[in-house]
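Peer 1: Once you've had a glance at the structure underneath, I'll fire off some questions.
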Amino acid sequence: IVTNGEMEAELTAPPLVPKPIGKRSAMKLKVNMEIKEQEGTMTDGVKYMYWTFGGSVPGSFIRTRVGDEVEFHLKNHPDNKLPHNIDLHAVTGPGGGATSSLVAPGHEKVFSFKVINPGLYVYHCATAPVGMHIANGMYGLILVEPEGGLPPVDKEYYVMQGDFYTQGEYGEKGLQPFDMNKAVKETPDYVVFNGKVGSMTNGNELTAKVGETVRLFVGNGGPNLVSSFHVIGEIFDNVHVEGGNLINKNVQTTLIPAGGSAIVDFKVETPGNFIIVDHSIFRAFNKGALGILKVEGAENKKIYSGTIQEGIYLPEGGTIQKMPITATAKTVNPKRTVAERVKIGKEIFSTTCFACHQSEGQGIPNAFPPLAKSDYLNADSKRAIKTILHGLSGEVLVNGIKYNNIMPSQNLSDDEIANVMTYIYNSWGNNKTEVTPEMVKALR
Ligand code: HEM
């Protein structure tokens, strides 16, 4: 609503951005933002106490144009425990606003600034301990459009990376407190887009249609890591390097500093899932920095053709995996009790199988079948042993659901396979078969 050349800014939570400003002239813009400390989900079963600008991580997206006079109202929700403030990199003035905005729970601070440099800017909390406030999610983006606006595109999205430090390892269940020690050492458990693992997967994908142009406003809240931002299967047609005026063309991966940004755009020419990652690749597959842009529409065989196999580029979780160093086929171990096999098998499972089949054998929908109460497993132990020995690919039906993926053969000894299979058969409601090294040897 515009009154007397004054307007309240539209604010959006990720992955959405406010409407383009385009040709409107500079005006007075009121920003009303409330800080909320609130519990949220980092990944399945893992909770985190996020500190947020506007109730989301990253905080609300603010869209302005050059010359706008911003009157910033920063509220600190009465239920919050701590004072906060805001430093906007779009501000020319002391502390980027931080010196004028320290606000206690239940209070509001107002300060004003004129945006004089176009670009995409990070904002963040700057209250001590600064790193802790940022690490808990207190960052977001403010866009300052140039005179006349940005070139129009079909889709615009808001994506912001951040690194998180929890007392438990990746995936450890429960409410996970912030770990300052890991933060100082810069060893995050989670590196994510938009505040959590899976913010843009499993039904929350970004979407576009073949032929459309997509613009991503990408930020990096840090607090520590620099992002090597990449979209698998796409090339950025234009990159506003570091969120400024310099435009680079035909870019595969763009660096986004902590406390920095980039605006990237590209035309999507073929359908498919385009995976958004930090190409420091363990962060993507093992710490959460993985999202999906889902493009629908007609195939364009001139640009790309080939059969499409599902299940490539899936998150793998945080388990440390080891490649076996010896081909250990020989040992047909002496006698062990079922209880011994279960104990040793559990360890093998949690280093070798768990990354795909998951800690409780529950699998990952559409990718890795369950081993818990698996009809496929329980129906035929020979077939299951062969799966471990030789791998498995092609369509399989497990508990009525089709999987069509690849399981690599596992380089384990007869005894190790006997132990891990006995553990699986004696867990999660399976049929308690004991697998012996002799049974494995016979099928090798
Ligand atoms: C299928 C066991 C490691 C991926 C299966 C099946 C079993 C099994 C018994 C048959 C289907 C079922 O009952 O659910 C094991 C054991 C492992 C192991 C004991 C460790 C020693 C892995 C790993 C991966 C993986 C590390 C991923 C890299 C798969 C996939 C299928 C499968 C994709 C289905 C294959 C298809 O669609 O044709 N696994 N697995 N498995 N496993 Fe594993």
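What follows draws every value from the coordinates through simple rules; no lab data is involved. In this text the structure is predicted, and so the values were computed from the model without any measurement. Glycine gets a Cβ as well: all are built from the backbone with ideal geometry, and neighbour counts include every protein chain shown.
Peer 1: Using Cα centres only, tell me the gap between region 166-202 and region 378-416 in whole Å.
Peer 2: Taking the Cα centre of region 378-416 as reference, the centre of region 166-202 is 32 Å away.
Peer 1: Met7 versus Met27, label points 7 Å from Cα toward the beta carbon: distance in nm?
Peer 2: Taking the two extended label points, one gets 0.5 nm.
Peer 1: Of Glu34, Glu340, Glu186, which is the most mobile in a GNM of the chain whose springs link Cα atoms less than 10 angstrom apart?
Peer 2: Residue with maximal mean-square fluctuation among Glu34, Glu340, Glu186: Glu340.
Peer 1: Place a +1 charge on the Cβ of each Lys and Arg in the chain and a -1 charge on the Cβ of each Asp and Glu, then give the dipole magnitude about the Cα centre in debye, rounded to the nearest 20.
Peer 2: Details: 42 positive and 46 negative charges, 179 e Å.
With Lys and Arg at +1 and Asp and Glu at -1, about 860 debye.
Peer 1: Pick from Met49, Met407, Met200: which residue has the top mean-square fluctuation in a GNM of the chain where Cα pairs under 10 Å get a spring?
Peer 2: Per the Cα network of the chain with a 10 Å cutoff, Met407 tops the list.
Peer 1: A further question on this structure: Give the distance, in whole Å, between the Cα centre of region 86-120 and the Cα centre of region 278-308.
Peer 2: Centre-to-centre (Cα) distance: 38 Å.
Peer 1: Please sort 96-107, 252-263 by packing, taking for each peptide the average over its residues of neighbouring beta carbons within 10 angstrom, highest first. Walk me through the numbers before you get to the answer.
Peer 2: On the way: 96-107: 17.9, 252-263: 20.1.
Averaged packing, sorted descending, gives the order 252-263, 96-107.
Peer 1: Any aspartates and glutamates with Cα under 18 Å of the Lys209 Cα? List them, leaving off those in the same chain fewer than 8 positions away.
Peer 2: Asp154, Glu156, Glu234, Asp237, Asp265, Glu269, Glu296, Glu299
Peer 1: Mind checking which of Gln358, Ser427, Val70 is farthest towards the positive end of the chain's charge dipole, using Cβ charges of +1 (Lys, Arg) and -1 (Asp, Glu) about the Cα centre?
Peer 2: The listed residue farthest towards the positive side: Ser427.
Peer 1: Answer with one residue from Val264, Ser280, Leu293: the one whose Cα lies farthest towards the positive end of the charge dipole of region 212-302, charges on Cβ with Lys, Arg +1 and Asp, Glu -1.
Peer 2: Positive-most Cα among the choices belongs to Ser280.
Peer 1: If you don't mind, another one. Taking springs between alpha-carbon atoms closer than 10 angstrom, which of Leu216, Leu392, Leu206 fluctuates most in the Gaussian network model of the chain?
Peer 2: Looking only at Leu216, Leu392, Leu206, the largest GNM fluctuation is found for Leu392.
Peer 1: Follow-up question, since we're still on this one. So what is the relative contact order for region 145-292, in percent, with contacts set as C-alpha pairs under 8 Å and at least six apart? Show your work: numbers first, answer last.
Peer 2: Working: 338 pairs, mean separation 40.4, N = 148.
Reported as a whole number, the value is 27 percent.
Peer 1: Out of the DSSP beta bridges found with both residues in region 99-246, what percent are antiparallel (nearest 5)?
Peer 2: Once the DSSP bridges in region 99-246 are tallied, antiparallel ones form about 60 percent.
Peer 1: A follow-up question, please. Are there chymotrypsin sites (Phe, Trp or Tyr not before Pro) in region 350-444 that DSSP puts in a loop and that have at most 10 other Cβ atoms within 10 Å, and which ones?
Peer 2: Details: sites: Phe354, Tyr376, Tyr403, Tyr423, Tyr425, Trp428; in loops: Trp428.
Hits after loop and neighbour filter: nothing returned.
Peer 1: Loop-only check: which GluC sites (Glu not before Pro) in region 66-174 are DSSP coil with at most 15 other Cβ within 10 angstrom? Write out the running numbers ahead of the final one.
Peer 2: Working: sites: Glu69, Glu71, Glu108, Glu147, Glu156, Glu169, Glu172; in loops: Glu147, Glu169, Glu172.
For GluC sites (Glu not before Pro) across region 66-174 that sit outside H, G, I, E and B with at most 15 neighbouring Cβ atoms in 10 Å, the list reads Glu147, Glu169, Glu172.
Peer 1: Now for a different question. Within region 50-152, which trypsin sites (Lys or Arg not before Pro) sit in a loop by DSSP and count at most 10 neighbouring Cβ atoms inside 10 Å? Kindly include the intermediate steps, with their values, before the conclusion.
Peer 2: Working: sites: Arg63, Arg65, Lys75, Lys81, Lys109, Lys114; in loops: Lys81.
Passing sites in region 50-152 are Lys81.
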